[in-house]
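> If you scroll down you'll find the structure; I have some questions about it.
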Amino acid sequence: MITLIRIVQLSAFLGVTATACAAGEVKLDAVDNGSQIELERGQFLEVSLEGNPTTGYSWEAAYLEDQILRQAGDPEFTPETDLIGSGGVQTLRFEAVKSGQTTLKLVYRRPWEGDVNLLKTFSVKVVVR
């Protein structure tokens, strides 16, 4: 009887832990380029990459199936110092809205130049459950 109670308690604990993890935010950076991740519907993906918008370059989504993964808000920039023109980290957030698979491709470019001067790219395969 005690063993059964412990199994029920452990199952309840694991269920709560799995739910808490699924509801959390998944954070990626440059080392995750080329990887595959899994998200639950309603979960958020945060991608933080080095950049410097004062040069005119910024990270933007070049490929995104927004029926599966939708950008949430505008990119945010956090400078590494208080000096004018300093670089830092640009963060983009996405929400998993529907089950499916897609590739999220980000490019670092000057938007008015199109694909002429792509400095960097970032890509991950996203599976939404």
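> Looking only at residues in the stretch 1-54 that are modelled with pLDDT of 95 or more and part of a helix (DSSP H, G or I), which one is surrounded by the most Cβ atoms within 10 Å (Cβ to Cβ)?
Per the criteria, the residue is 32.
> Filter the stretch 44-76 for residues that are of a type in the set (Phe, Trp, Tyr) and under 29 Å from residue 127 (Cβ atoms) and give the result.
The answer is 44, 59, 63.
> Against the definition (within 12 Å of residue 104 (Cα to Cα), touching a strand residue (DSSP E or B) at 6+ places or on another chain (Cβ under 6 Å) and surrounded by 12 or more Cβ atoms within 10 Å (Cβ to Cβ)), how does residue 89 come out, yes or no?
no
> If I ask for residues that are surrounded by fewer than 15 Cβ atoms within 10 Å (Cβ to Cβ), touching a residue at least 40 places away in the same chain (Cβ under 8 Å) and either touching a His at 6+ places or on another chain (Cβ under 7 Å) or not in a strand (DSSP E or B) (or both), which ones from the stretch 56-73 would you list?
Hit for the stretch 56-73 is 56, nothing else.
> Return the only residue of 126, 116, 107, 97 being touching a residue at least 60 places away in the same chain (Cβ under 8 Å) and aliphatic (A, V, I, L, M).
The conditions single out 126.
> Only one residue in 78, 103 is surrounded by fewer than 14 Cβ atoms within 10 Å (Cβ to Cβ), in a strand (DSSP E or B) and more than 12 Å from the chain's Cα centre (by Cα). Which one?
Only one candidate passes the filter, namely 78.
> Checking the structure you have, find out if any residue of the stretch 111-125 is in contact with a Gly (Cβ under 6 Å, 6 or more places away or on another chain), surrounded by 13 or more Cβ atoms within 10 Å (Cβ to Cβ) and on the phi < 0 side of the Ramachandran plot.
Checking the stretch 111-125: not a single residue is in contact with a Gly (Cβ under 6 Å, 6 or more places away or on another chain), surrounded by 13 or more Cβ atoms within 10 Å (Cβ to Cβ) and on the phi < 0 side of the Ramachandran plot.
The values are calculated or read from the model by the stated rules, or taken from the named source; none is laboratory data. Not measured: the values here are computed from a predicted model. Neighbour counts are summed over all protein chains in view; Cβ atoms, including those assigned to glycine, are modelled from backbone coordinates with ideal geometry.
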